[in-house]
1. List the residues, sorted by chain then number, that are 5 or more residues from A:LEU107 or on another chain and whose placed amide H is less than 5 Å from its amide H.
2. Provide the percentage of antiparallel DSSP beta bridges, counting only those with both residues in segment A:15-133; round to the nearest 5.
3. Ordered by residue, what ³J(HN,Hα) values in Hz, to whole numbers, does segment B:10-18 give under the Karplus form 6.51 cos²θ - 1.76 cosθ + 1.60, where θ = phi - 60° and Gly and Pro are x?
4. Spelling out what I want: for every residue of segment B:64-75, take phi, set θ = phi - 60°, compute 6.51 cos²θ - 1.76 cosθ + 1.60 (Karplus), and round to whole Hz; glycine and proline get x.
5. In the protein assembly as shown, with Lys and Arg counted as +1 and Asp and Glu as -1 at Cβ, which of these residues, B:SER121, B:SER258, A:LEU81, has the Cα nearest the positive end of the dipole, that is, farthest along it?
6. Taking segment A:15-133, how much of its Cα-Cα pair set, in percent, is spaced more than 18 angstrom apart?
7. Please identify every one of the chymotrypsin sites (Phe, Trp or Tyr not before Pro) in segment B:211-260 that sits in a loop by DSSP and has no more than 10 other beta carbons within 10 Å of its own beta carbon.
8. Using only Cα atoms, find the angle between the long axis of helix A:113-128 and the longest principal axis of chain A, and express it within 0 to 90 degrees, rounded to the nearest 10.
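Derivation of every value follows stated rules applied to the coordinates shown; laboratory data play no part. Note that the structure is a prediction, hence the values are computed from the model and not measured. Here the Cβ is made from the backbone with ideal geometry for all residues, glycine too, and neighbour counts use every protein chain on show.
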Amino acid sequence: AMAAAEGSGCCLRPFSCEQGLLSRPDGSAAFLQGDTSVLAGLYGPAEVKVSKELPDRAALEVLLRPKVGLPGVAERSREQLLRQTCEAVVLGGLHPRSAVTLVLQVLSDAGSLLSCCLNAACMGLLDAGLPLSRLFCGVTCALGPDGAIVLDPTTRQEQVSAAGGSP
Amino acid sequence: MAAGSGVAAEACVGQVVLPGDVLLLPAHPDEDGEQLRLGASVAPRGRLLCGPGLRRCAAGLLVTKCGLLRHRQPSGGAAAAGGAYWVDSQQKRYVPVKGDHVIGIVTAKAGDVFKLDVGGSEQASLSYLAFEGATKRNRPNVQVGDLIYGQFLVANKDMEPEMVCIDSKGRSSGMGIIGQDGFLFKVSLGLLRKLLAPKCEVIQELSQLYPFELVLGMNGRIWVKAKTVQQTLIIVNILEACEYMTADQRKQALAKLSGH
């Protein structure tokens with residue numbers, strides 16, 4: 001069962017997505033990659049505190065909640081990367097002095113967490129109906145111990161990899 | 001980073017388009033930027049309207065929301081020059097648009113101006129003189145928490161939205177304070193546009209069931225009032241469930257209710 005759940009080489013694990021599953025947020029999406037799953041909730045364009053408002057575009061905020069424990073430094077750095085990605089595609093100039101909040105909750109982590117967060121964020125943005133200039137996605141790549149590239153690695157493959165990265 | 005070459009806009013009408021798609025518009029062979037046309041021209045060039053979900057870009061139209069692409073021919077002639085393109089998309093959050101009729105909730109009275117919550121990113125303002133027959137001596141009786149049905153006079157991304165409860169001729173034409181009782185609830189904007197379509201089946205079938213009063217606001221808010229609380233709640237539940245029910249399921253549910 002372990003071998004079947006892993007991707008071999010350039011093969012991604014089976015992935016799926018469900019949109020509009022939460023009733024309160026304006027947009028929501030759940031993205032599953034193998035056993036890794038992330039739930040995204042999007043609110044906006046909504047009222048913003050005067051201290052946070054930007055005069056020419058929407059203020060985008062990303063909150064990433066790990067499965068257990070409080071958010072730490074790793075979550076903060078991932079939040080910044082997600083925020084920069086979303087700011088590049090969302091047409092914030094159409095909603096100045098408003099706030100767009102993206103909340104991501106990690107439901108289970110079995111490798112390739114950052115790319116799963118990126119994909120859930122993109123599907124959440126689509127579900128919320130925010131104006132976007134283009135779409136984005138993420139795939140994690142790892143360099144196996146034998147030098148071969150592995151796409152969408154599991155936790156075990158990530159640990160034994162020589163180097164890893166995700167766009 | 002650069003988008004690939006686009007697809008012709010006419011080919012995509014009725015299909016799903018995604019943000020980032022570039023739609024190419026038919027080129028006008030008689031268009032010449034250098035020469036000015038004097039005298040009566042053969043046919044005036046139609047103006048293309050770029051509707052919700054689309055923005056103009058260098059190559060043509062850039063899709064910014066996902067949904068179905070729609071097209072409407074201009075009413076003038078059979079020539080395809082002009083017309084309107086837009087994307088039928090679905091969302092829950094409302095963005096104020098000038099001319100939309102919405103239901104607002106009064107949150108504050110600041111001097112001569114009421115502040116209304118319309119579900120957008122900013123509160124809308126409504127002057128006390130913007131009611132039919134209102135003067136400085138004869139002020140409308142509006143309290144905090146009242147429901148107001150009005151239309152946007154000013155609504156753009158740079159200014160605070162302003163609402164009025166009179167039309168351009170000074171008549172109320174159905175707008176104003178919504179009466180006591182009744183039930184206010186929220187639905188998605190796509191369902192609301194479906195209910196506002198002329199000869200909507202849902203509303204016709206519901207009106208066979210019980211008599212009721214209905215106010216539909218473009219910001220996703222619906223106000224219903226029937227004779228009893230139970231009838232009101234039944235209508236609310238049917239309207240909320242309409243989003244995910246097929247026409248047959250809805251007819252079955254209504255048949256069961258009218259049988260009781």
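1. Excluding prolines and chain starts, which carry no amide H, the hits are A:SER37, A:VAL38, A:LEU39.
2. If we restrict to bridges inside segment A:15-133, about 75 percent are antiparallel.
3. Listing the rounded values in order: 5, 6, 9, 4, x, 10, 6, 10, 10 Hz.
4. 10, 10, 8, x, 9, 7, 10, 9, 10, 6, x, 6
5. B:SER258
6. Details: 3352 of 7021 pairs.
Cα-Cα pairs in segment A:15-133 separated by more than 18 Å: 48 percent.
7. Values: sites: B:PHE212, B:TRP223, B:TYR244; in loops: B:TYR244.
Taking segment B:211-260 and a limit of 10 other Cβ atoms within 10 Å, the loop chymotrypsin sites (Phe, Trp or Tyr not before Pro) found are B:TYR244.
8. 40 degrees
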